[in-house]
């Protein structure tokens, strides 16, 4: 039985970046101070999240009600921090600091306009991300989910040109459209069916309801498609569209925060709304698993055909997100653990890849894979990091991606789903097929004729340091994954029945 | 003194109008302080009434001590359904009054005092409709409201405003006459005009209550009020009247007049005819909910077709009226639909106020009447744009604004009464609203020629360009930002507000069924 602890830490962690927003705007003329505010907020946020770690690791959960609700009338706005939420918050808040450093290098390197607006909305979207991670009930979850969609729109459309307008339109119409059309009805239906209970707790919300097969299936799919940030096909097109954003946005938001919020919500729905027992009894998880499996394979195939580096990474992200959904849909202990760990492992790996893509763009102005021939000799650090990131996302040792993938495969075997197990394996081959030609091209092909060998010409240090750190992080997570195991284990023990 | 608060709510603006009529014509500087202090007194009295209702139940007030049903005394009754609305009316009127310091004064300075006299008389009417407990007085006060509205619409310089006012006058008079006819039937059959009396008589005599005369009376009253609230297809007067009137007038007319009419409908349902009787006639409810669905669909579709900001907002009002009428007639046993309607009256008054204040600012300080005139808005007036964004998000129904919570209660009513079409209509309308507002936000964010300014390789260093800030003066900006803040506050604290309304609704409905 978990103990509930009252603490304001989740609120402070959320507010740290919210308070930064007006400060960033105030210091818009003092660029040094403005950046200092971003880093200060990042450090504070990370510190608050870290401070929650010992409490959670002792097996407690943190509860905090912000706006009290009235029984039978409405739902409070409340936080609840458990292992899953804290793991996600840790990933997001630690990577924000690195991304901020990277963003400073990237935005200055390209002389981007409206940097104040950029940093302000970045801070705001981080506040929303932690809000989702700590949400204590479905309504709070939805509140921050929408806040994240809205606060990232100015970031996606940052360039304010025609392409950005198109990408922004796709972005919002998919995210807002699905959440209004599917997620709200699903939340309200849950609310009415459960008799006004939508708070996450040790018991799943609908665990003792008498939902039939079809209503449960409809509800599960409404949630899964409604939280379309998870990029489940056919509601995935917003993610490649969002690649018009500056690369720091693609890196943190569209490889970590926004997309992981989507899968986070689906994990919450599976474990917290339905409960593993109910889904297993009704057998509706199979449909979700197959939708996810379809997404995994299809998006990997599409990724193979993309020549734009960021778009290839985006399709790879869509596939990797569905790994997580597939894992949680398998419902077995190791699969769910693998899913939760994959949130962190994929985040660190994929952010490295995006950082590299951005660094290549800053240093050489190239965004197509066919232009990368021989660049590995010019930018050795960047491409080495790219190789490590690619290994991690593919799931090769010695990188963290191996561990989560191993657990996912183990989980599939546990569930006796040999076909789905094969999906993981085939997809791994496809991952390798779309990543390693890039590395090969960069290191082993000669520079195109006519371009002078200028020696080493890396991107600015502010870009290179973060990507080296995250690449090192991918390797470290292979050797020291203990913390992630502990946090993921907290969610699984007593939550998923031991087979 | 505190015993007289129900009367004070009305009397303060009435005396204010007199004072302006007497002194304001000579010295225009008198106008604003008088208006603000009169409405301030009303706001204070309204808030006090909320407090006394929440501690001691409904407050009855007999004007001049004439007790009903002797004579034609006037009874005022403040209860949990109308006191929150009184507060909102006072707030919205105050915001509009402060906002309109300049627009009225600059264009036609000799008209300023007339504007404020009409403005205050309008407030008297609105407060009166809300607080009176007499069906005939509702008619009188509807006419007070309507006559001052016609004046407020026509007071600007635009000729189209005058035509719109005339159109409004015809439709409004027809609606008021329908209402009067209905009340006449009631008086003939029941010999009383007091709501509680009518209520008691109908509850105790089933045969009479189900008679054709009473039903006809009810239908007349309903159609009359529907005309007044611009319930589709009786909406024809609204778009022109509100979009061609001066911004100051639109800022009070658009948020309040339709909403107060919705309140009258709810009042007639709850404490004149009785919810039990209406719920016994299920097919009536289904019919009206279908009408409401059509209204929502029509309002949303028309809004999509508009190119002018104010016209678009007017079409949204028509859709929102559909939300409220539908919600009130859902007839779910727990009365979530009705609760949602009463809450939405408050929420929508504030949302519309916020949006029309913003539209007024754009028209006056940017010269922007059409959607595409708003390009570069976020750069030109970031604060006003922020207020507008909050208003837009509230209409879409993004939490934690009040628009989300009113939809939450309305949809809950729809689910519990099994009226899925209504639920779908609400959600579809939210989607349309999202399209509408993000279309505007996009124009405002991207500026006029997004493709020409820079091509594929990103723009470089726009921060060196001089930014022309055209932020409106404080007297216009502050009301907008206050309205925006209230949208969020009303959303965050929806629990206590709804609990207050809900207990009141259930008590009032219970009093009906026992026949006092």
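Below, the figures for the structure above:
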quantity: Exposure proxy order (Cβ contacts within 10 Å, fewest to most) of A:209, B:353, A:93; calculated: A:209, A:93, B:353
quantity: Length released on extending from residue B:307 to residue B:503, taking residue separation times 0.36 nm less the Cα-Cα span; calculated: 66.3 nm
quantity: FRET E, pair residue B:158, residue B:372, Förster distance 22 Å, beta-carbon r, rounded to 0.05; calculated: 0.60
quantity: Residue B:215/residue A:479 FRET efficiency (R0 56 Å; Cβ-Cβ; nearest 0.05); calculated: 0.10
quantity: Within segment A:32-50, backbone nitrogen closer than 11 Å to the virtual label 7 Å beyond the Cα of residue A:108 toward Cβ; calculated: A:32-33, A:35-36
quantity: Residue-averaged beta-carbon neighbours from other chains (10 angstrom radius) around A:163-172; calculated: 3
quantity: Order by protection proxy (mean Cβ within 10 Å, highest first), peptides A:378-385, A:25-32; calculated: A:378-385, A:25-32
quantity: Packing-based exposure ordering (other Cβ within 10 Å, fewest first) of A:112, B:143, A:58, B:283; calculated: B:283, A:58, B:143, A:112
quantity: Antiparallel bridge percentage (DSSP; both residues within the protein assembly as shown; nearest 5); calculated: 80
quantity: Neighbouring partner chain Cβ atoms per residue of B:415-426, average, 10 Å criterion; calculated: 1
quantity: Value at 222 nm in deg cm²/dmol, rounded to 500, when DSSP H runs of n ≥ 4 in chain B each add -39,500 (n - 2.57); calculated: -24500 deg cm²/dmol
quantity: Theoretical gain in end-to-end length, residue B:167 to residue B:383 [0.36 nm per residue, Cα-Cα removed]; calculated: 74.1 nm
quantity: Value in Å of the Kirkwood radius, where the protein assembly as shown supplies the Cα pairs that are averaged; calculated: 30.2
quantity: Cut-off 13 Å (backbone N to label point 7 Å along Cα→Cβ of residue A:51), residues of segment A:1-20; calculated: A:7-16
quantity: For chain A: Kirkwood Rh in Å [reciprocal of mean 1/r, alpha carbons]; calculated: 22.4
quantity: Label-point separation in nm, residue B:493 to residue A:66, each point 7 Å along Cα→Cβ; calculated: 1.7
quantity: Chain A: calculated mean residue ellipticity at 222 nm from DSSP helix runs of at least 4, using -39500 (n - 2.57); calculated: -23000 deg cm²/dmol
quantity: Convex hull volume per residue in cubic angstrom - Cα atoms of chain B; calculated: 139
quantity: Fraction of beta bridges assigned by DSSP in segment A:1-278 that are antiparallel (%, nearest 5); calculated: 65
quantity: Whole-Å semi-axes of the ellipsoid equivalent to segment A:284-499 (Cα gyration tensor, √5λ, descending); calculated: 34, 18, 12
quantity: Contact order normalised by residue count of segment B:117-251, Cα under 8 Å, 6+ apart, percent; calculated: 30
quantity: Virtual paramagnetic centre 7 Å along Cα→Cβ of residue A:486, amide N under 14 Å, in segment A:37-71; calculated: A:50-60
quantity: Length-normalised contact order for chain A - Cα pairs under 8 Å, 6+ apart - percent; calculated: 15
quantity: Three-way shape label, segment A:1-278, alpha-carbon gyration tensor, a/c 1.5; calculated: oblate
quantity: Global geometry of segment B:264-324, whether rounded, prolate or oblate, following the gyration tensor of its Cα atoms and the 1.5 cut on a/c; calculated: oblate
quantity: Normalised contact order of segment A:148-232, rounded percent, pairs of Cα under 8 Å and 6 or more residues apart; calculated: 32
quantity: Exposure proxy ranking, count of Cβ atoms within 10 Å, fewest first, for B:10, A:130; calculated: B:10, A:130
quantity: Full-extension gain in nm, residue B:188 to residue B:44, via 0.36 nm per residue minus C-alpha separation; calculated: 47.9 nm
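No lab work stands behind these numbers, since they all come straight from the coordinates. What you see is a predicted model, and the numbers here were worked out from it, not measured in a lab. Here the Cβ is made from the backbone with ideal geometry for all residues, glycine too, and neighbour counts use every protein chain on show.
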